[in-house]
1. Along the Cα→Cβ direction, 7 angstrom out, place labels at GLU228 and VAL92. What is the inter-label distance in nm?
2. Order of ILE237, ILE40, ILE246 from fewest to most other C-beta atoms within 10 Å?
3. Which FRET efficiency value, to the nearest 0.05, do you get for LYS283 and GLN391 by plugging their Cβ-Cβ distance into 1/(1 + (r/R0)^6) with R0 = 35 Å?
4. Taking +1 at the Cβ of each Lys and Arg and -1 at the Cβ of each Asp and Glu, which of VAL348, ALA366, THR419 sits farthest along the dipole of the stretch 333-447 towards its positive end, judged by Cα position relative to the Cα centre?
5. Per residue of the stretch 269-286, in order, report the coupling 6.51 cos²θ - 1.76 cosθ + 1.60 (Karplus, θ = phi - 60°) as ³J(HN,Hα) in whole Hz, putting x for Gly and Pro.
6. Does a label point 7 Å from the Cα of ALA84, set along Cα-to-beta-carbon, have any residues of the stretch 49-70 with amide nitrogen under 11 Å, and which are they?
7. Just to check I understand the Karplus step: with θ = phi - 60° and J = 6.51 cos²θ - 1.76 cosθ + 1.60, what whole-Hz values come out for the stretch 295-301, glycine and proline as x?
8. According to the Kirkwood expression over distinct Cα-Cα pairs, how big is the hydrodynamic radius of the stretch 196-352, in Å?
Amino acid sequence: MTLVEDHPAGTATGTGAPVAKGMGVSLGDPAADLRDEIAIAGGVPELPDKIWFHKTAAAVIDAERCVGCGGCIAACPSRSIGVAEDGKPTLVKMCTGCSACWDYCPLAGLSTEALHAHPPGAGIGRAPTNAANESAAANSTAARIEIGHIDSAWSVAGRASAAGVQDGGAVTALLSHLRATGFLDGAIVTRRVDAFHGEPFLATSPDQVRAAAGSVYHQSHPLQVLNEPLGKGVERIAFVGTPCQISVLRALQRFPWKYRRSSAGAVVLAIGLLCTRSFEPDKLEEAVGAVGVATSEVARVDVRDGELVVRSASTELLRRPVKEFHAASLKGCDECADFTGLGADLTVGNLASEPGRSTVLVRTEAGRDAWAAATGALDVRLLEDLSPVVQTAARDHKRAVRFLARPFDPEGPLWTSYTEHLDRYAESGRSVQAPAKFRSHHFEVTC
Ligand code: SF4
Ligand code: SF4
């Protein structure tokens with residue numbers, strides 16, 4: 001593949017992993033196909049560890065590790081990936097074997113901690129400049145890895161609240177104001193299809209931003225919007241997403257294709273959402289129904305202070321510890337050490353703020369510019385105590401280090417090869433699985 005910056009030459013092979021002669025494939029790879037057999041038998045020269053979609057599917061999607069970011073869809077130069085009926089990425093036309101879906105997947109080739117340890121022109125680890133936040137906890141080395149660079153921290157509510165907003169509607173108020181004033185041409189946000197399911201779209205008016213108010217705990221591949229043209233006059237947009245999505249966005253921006261760019265370059269403001277884990281929407285709906293809630297009455301689902309809160313249009317239907325719904329969560333989230341959106345310009349969530357308000361962390365120059373442009377639309381107070389954020393980030397970090405079958409190494413290589421992945425995950429309980437044929441219809445044929 002051809003990348004502009006310092007991506008390892010060729011494909012995800014910059015790590016120097018040992019590969020079988022003539023082909024970067026391990027014998028015993030459950031996703032090995034006819035191409036591999038021909039290459040191995042005949043010594044056909046091919047780039048080592050050249051990855052086709054069915055290998056990404058085998059290692060991530062069919063190993064039940066996909067977190068629904070849509071990065072593979074955004075990264076595919078031939079637009080060969082779409083979303084299947086099961087809500088997972090699938091081939092929709094011929095795969096060229098360019099390896100991009102592997103290289104940009106945060107559960108496959110991309111080691112996101114290494115991406116954020118070396119951000120171009122910025123440093124992870126400066127302490128927040130709020131005097132109130134210069135606590136020992138926020139200045140510790142561990143916290144610098146776990147929560148990243150923060151300029152200032154605020155507790156925020158929107159001045160004009162939209163229907164359905166969550167925790168003061170800070171993101172809705174900020175984005176609709178930035179669109180109304182021309183600071184942005186649009187924003188990629190997720191709107192509710194129903195209480196359990198969402199869909200990403202490009203909102204290009206303040207009304208469209210307001211129509212997407214409120215959270216939906218469904219990873220509906222929002223980065224896929226970046227693999228489509230944005231439309232005439234849409235040149236400066238925001239992207240709102242979970243930390244894994246922000247990581248892939250940063251990788252797409254930092255290592256763009258030379259000849260056909262995604263729309264990632266148009267993103268001038270990345271808003272990360274505090275996130276410990278997300279859910280399989282169908283499984284969550286089923287789990288909520290299993291404890292006696294009529295799911296047809298559910299109007300919204302929120303997670304706050306470790307509890308899952310389910311409401312109808314008029315009343316609270318359920319409030320239970322979110323850990324009771326663990327079986328409905330995305331397994332891949334166990335491997336994520338980024339609670340706070342290390343690559344974001346602004347991070348937003350409800351932890352550390354009182355009900356009805358959101359916590360906003362301002363991280364970068366782009367974040368400061370947007371913040372300065374939008375504060376008129378927001379009721380803001382300096383946040384006194386970031387320790388709940390630091391503690392949750394530390395817990396997330398420990399969990400990820402426990403679950404990752406590869407080393408967690410912020411100073412290590414950015415990319416992991418498929419061969420390395422095969423070996424490391426072999427005994428993990430999340431090993432590479434043969435992909436479903438409906439998902440990868442090239443599995444048994446050569447292209
Ligand atoms: S063509 Fe698309 S599906 Fe195939 S390897 Fe490249 S990115 Fe993946
Ligand atoms: S985790 Fe993201 S990039 Fe990886 S397969 Fe799933 S949607 Fe694609």
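1. That separation, rounded to one decimal, is 0.8 nm.
2. Least to most surrounded, the residues fall as ILE40, ILE237, ILE246.
3. Result of the calculation: an efficiency of 0.80.
4. Ranked along the dipole, the leading option is THR419.
5. Once rounded to whole Hz, the list reads 8, 9, 9, x, 10, 3, 8, 9, 5, 10, 10, 7, x, 5, 5, 5, 4, 5.
6. 54, 57-58, 61-64
7. Karplus-based 3J(HN,Hα) across the stretch 295-301 equals 5, 5, 8, 6, 9, 7, 10 Hz.
8. Kirkwood hydrodynamic radius for the stretch 196-352: 17.0 Å.
Any read-out appearing in this document is the output of simple, stated calculations on the displayed coordinates, not a laboratory observation. All of these numbers come straight from a predicted model, not from anything done at the bench. Note that each Cβ is placed from the backbone with ideal geometry, even for glycine, and that neighbours are counted across all protein chains shown.
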